[in-house]
Amino acid sequence: MTDQIEETIKKYALQNAVFFKGKANPKAVVGKILGECPEYRAKAGEITPLIEQLVEEVNRMEPEAQKKALEEIDSSLLVKEKKEREYRLPDLEDVDGKVVMRIAPGPSGPLHIGHTRVSVLNKEYVDRYGGELVLRFEDTNPEKLEPDAYDMIVEDLAWMGVKCDRTYIQSDRFEIYYDYTKQLLEQGHAYVCTCNGDHWRELKENMQACPCRDLPVETQMERYDKFLAGEYGDGEAVVVVKTDLHHPNPAIRDFVGLRLVSRACHPRKGNKYIAYPMMNLSTAIDDYLMGMTHVIRGKDHLNNTFRQEYVFDYFGWKKPKYYHNGLVNIPDTVLKTSLIKKSINEGEYSGWDDVRTGTVRALQRRGITPEAIKRYWIEAGLKPVDVQFSWDALFQMNRDVIDPNSNRYFFVNSPVKYDIAGVDVIEGSAPKHPDHPERGSRQFSLKDSKTIFLAADDSKTFEESKRIRLKDLCNISYGIPAKYDGNDVSVLKNGVRAVQWVGADGVEAELLMPDGTIQKGMIESSILNEAGPMVQLERVGFARIDKVDGKKASLVFAHR
């Protein structure tokens, strides 16, 4: 057996071990060698025992020693090749030329993670078919509007990389809705109802018409004029769109198209209007006038689709192709804008980007990338079945995006100080990124001040075990001061624990956690020169650099 074969086996055994937490798999090594070196296939029976022997030797090495050995053989093998996964949605049906699709948020607050689903899907399809994406603010419910939300939603979409070709605000279009409502009344497809609301609903349930439904068109128009003039009080009259009173689904039978809201002040229109269109009326009219070809909405809107189709049919309009996505359950997250706003006003939350919420702004602050969000929703697809949102899956996708650009640093929480005696100089180094040796290393040198800081939990471990290894530096034994104990990494095989540490030149650091708590500690001073927004705090997780002022670093935890 030649030395060349042994070198090849050892090279791939080391690579497999480095990629899989220090333990190489003999079968994986065999497959790698026979796949890339077909000349060895004829000798498979001879080299398999040798592979097993060399893999066993490699697995006895410490992970740090494995990395170092592989780097000496071929540093390029430290970079793990990743197969790019294709994320693609199914084709749309009934595409004839360009498509026109829409994002239609209600501006009650900024976007949250649930809203990003329809934004991503619509953007992907419009890009694929070369169509237009419409942003439409559906602000016809004055009691649930946030004045700043109009701008915040545009900013959130821009961060997501979602550029809309046209923008509309429904509160600018009230006269349009009034005009089409008038036409429905004239056609006999709508009526002004002055019945008690509960009684009207009871009649519907029993497939019966209310007394207002079949009044002459002239009477309906007189009532409509009084309706718009404010001669009815709130709740005393509504404009109803007729459907089929015998429809098997009671929810589809006659629906309210306009209501009176005189007490609320619209953030954009003040008290200019008192007649407010309901969603099913304004949405149907706008979807036609804005040229929608395809509409993606949740299956909770299925009944709304049926209602809106009546409006399309009454006017003889071509209906868009509707897709009804399954609902998404997003666990352990505050999404309701009214609750978030209340907590902001009460001082519990710092703002709309508070990390305890699921807003797009909070995700951005934590370092969750638009690319990861996009991948998640494209993989979830366009399906009618309900889905359970997985934060772990999103974090894994985000990890794939940010890991290659996230340099490594040591951070110690609640630091405990130790002086080290028994040596004049201690030096070490650690790669800025284990997969990118070309970026260089963080160099450690303890000369004048042989002082280090450990996290409080690691300090307890040190006190109990009496011996630890300072990762990428040296070993120390417990005492006051601690004692230098050489630099033999083989101590890890005997159960000695390797821990992160920060030298006396470290800087004060705060790490904001997802539950709103703050971990106060120290971080390597080289963080002050970090150019990228994301870093990995070894053994802690990924974090986004929020602020660095020369003496202190503030970071926001993303995920492990």
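Things worth noting here:
- Cα pair distances exceeding 16 angstrom across the range 485-560, given as percent: 54
- Residues in the range 477-489 carry Karplus couplings, in order, of 10, 6, x, 10, x, 5, 10, 4, 10, x, 9, 7, 6 Hz; the curve used is 6.51 cos²θ - 1.76 cosθ + 1.60 with θ = phi - 60°, and Gly or Pro positions show x.
- Principal-axis tilt of helix 370-380 within the chain, Cα atoms, nearest 10 degrees: 70
- Take the Cβ atoms of ASP244 and GLN388, set R0 to 51 Å, and the FRET efficiency comes out at 0.90.
- As a calculated quantity, the FRET efficiency between LYS417 and GLN443 at R0 = 22 Å, using C-beta atoms, amounts to about 0.50.
- C-alpha long axis of helix 279-289 to longest principal axis of the chain, angle in °: 90
- On the beta carbon distance between ASN25 and LYS341, with R0 = 51 Å, the FRET formula returns roughly 0.45.
- Potential extension, LEU215-ARG497 segment - 0.36 nm per residue separation minus Cα distance: 93.0 nm
- Computing Rg and the Kirkwood Rh from the Cα coordinates of the range 425-482 gives a ratio, Rg/Rh, of 1.04.
- Note on VAL328 and GLU93: the model spin-label points, each 7 Å out from Cα along the C-beta direction, lie 2.3 nm apart.
- Computed from point charges on the beta carbon alone (+1 for Lys and Arg, -1 for Asp and Glu), the dipole magnitude for the chain about its Cα centre is near 500 Debye.
- Per the Cα gyration tensor, the range 3-78 maps to an equivalent ellipsoid with semi-axes of 20, 13, 10 Å, ordered largest to smallest.
- Rounded to whole Å, the principal axis extents of the Cα atoms in the range 174-277 read 40, 26, 21, largest first.
- On the principal axes of its alpha-carbon atoms, the range 256-322 has extents of 37, 25, 20 Å, going from largest to smallest.
- Over the range 407-560, relative contact order from alpha-carbon pairs under 8 Å, at least 6 apart, %: 25
- Summarising the overall dimensions of the range 407-560 from its C-alpha atoms, the Rg and Dmax are 15.2, 43 angstrom.
- In order through the range 64-79: 3J(HN,Hα) via Karplus (6.51 cos²θ - 1.76 cosθ + 1.60), integer Hz, x for Gly, Pro: 5, 5, 4, 4, 5, 5, 5, 4, 5, 6, 6, 5, 5, 6, 6, 8
- Relative to the longest principal axis of the Cα atoms of the chain, helix 149-160 runs at roughly 40 degrees.
- Whole-number D in µm²/s for the chain (Stokes-Einstein; Kirkwood sum over Cα pairs; 4 °C, 1.567 mPa s): 45
- Between TYR478 and MET513, residue separation times 0.36 nm minus the direct Cα-Cα distance comes to 9.5 nm.
- Normalised convex hull volume, the range 337-404, alpha-carbon set, Å³ per residue: 98
- Remark: relative contact order (the range 337-404) = 22 percent; criterion is Cα-Cα distance under 8 angstrom and separation of 6 or more residues.
- Relative protection proxy for 274-284, 22-32, from highest mean packing down: 274-284, 22-32 (other beta-carbon atoms within 10 angstrom).
- Residues of the range 428-443 with an amide N closer than 17 Å to a point placed 7 Å from the Cα of ASN487 along the Cα-to-Cβ direction: 428-432, 441-443.
- Modelled spin labels at GLU205 and SER75, positioned 7 Å past Cα toward Cβ, are 7.7 nm from each other.
- Summing +1 for each Lys or Arg and -1 for each Asp or Glu among the other residues whose beta-carbon sits under 14 angstrom from that of PHE137 gives -2.
- Here the range 3-78 is assigned +1 on the Cβ of each Lys and Arg and -1 on the Cβ of each Asp and Glu. Its dipole about the Cα centre then comes out at about 360 debye.
- Projected label points at ALA531 and ASP313, each 7 Å from Cα along the beta carbon direction, are separated by 6.3 nanometres.
- The chain - percent relative contact order, Cα under 8 Å, separation 6 or more: 11
- In this structure, the residue pairs whose Cα-Cα separation is over 18 Å, taken from LYS450/LYS483; LYS163/LYS383; LYS21/LYS520; LYS450/LYS471; LYS163/LYS269; LYS11/LYS68, are LYS163/LYS383; LYS21/LYS520; LYS163/LYS269.
Every read-out reported here was derived from the displayed coordinates using simple, explicitly stated rules and does not represent laboratory data. Values in this document were obtained by computation on a predicted structure and should not be read as measured data. FYI the Cβ positions are ideal-geometry reconstructions off the backbone, even for glycines, and counts take in every protein chain you see.
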